[in-house]
1. Does anyone have the angle between helix 7-18 and the longest principal axis of the chain? Alpha-carbon axes, 0 to 90°, nearest 10?
2. Share of Cα-Cα pairs in the chain beyond 21 Å, in percent?
3. Can you give me the distance in nm between label points at residue 92 and residue 62, each placed 7 Å from the Cα along the Cα-to-Cβ direction?
4. Given 0.36 nm per residue, what is the gain on full extension from residue 85 to residue 3 after removing their alpha carbon distance, in nm?
5. Set the Förster distance to 25 Å, then compute FRET efficiency between residue 74 and residue 16 from the Cβ-Cβ distance, nearest 0.05.
């Protein structure tokens, strides 16, 4: 998926991967399409936190990394528990 992937394309990906037509939570406006890593075994969409930051920096040219992190931590991450079949956000471990 790329920066221009639509919500409809994400829905089609979810249906194809899960093999069923169920309500699976995903982000919209923005959809963080380039941050999608795949699906979990229990049909939750999996996102990379680092790639979500990169996505925000791509669509908000005047932001720096701190702006993107603050946006995610204040506006996105807290909403996950309230979403049906909520997506999973993976924080990569740096070695």
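Here, each number is a calculation from the coordinates, and none is a lab measurement. Quick caveat: nothing in here was measured; it's all calculated off a predicted structure. Neighbour counts are summed over all protein chains in view; Cβ atoms, including those assigned to glycine, are modelled from backbone coordinates with ideal geometry.
1. 50 degrees
2. On the way: 1314 of 4465 pairs.
In whole percent, the long-distance tail amounts to 29.
3. Distance between label points: 2.9 nm.
4. Details: separation 82, 0.36 × 82 = 29.52 nm, distance 2.38 nm.
Roughly 27.1 nm would be gained on extension.
5. Details: r = 33 Å, r/R0 = 1.31.
So the FRET efficiency works out to roughly 0.15.
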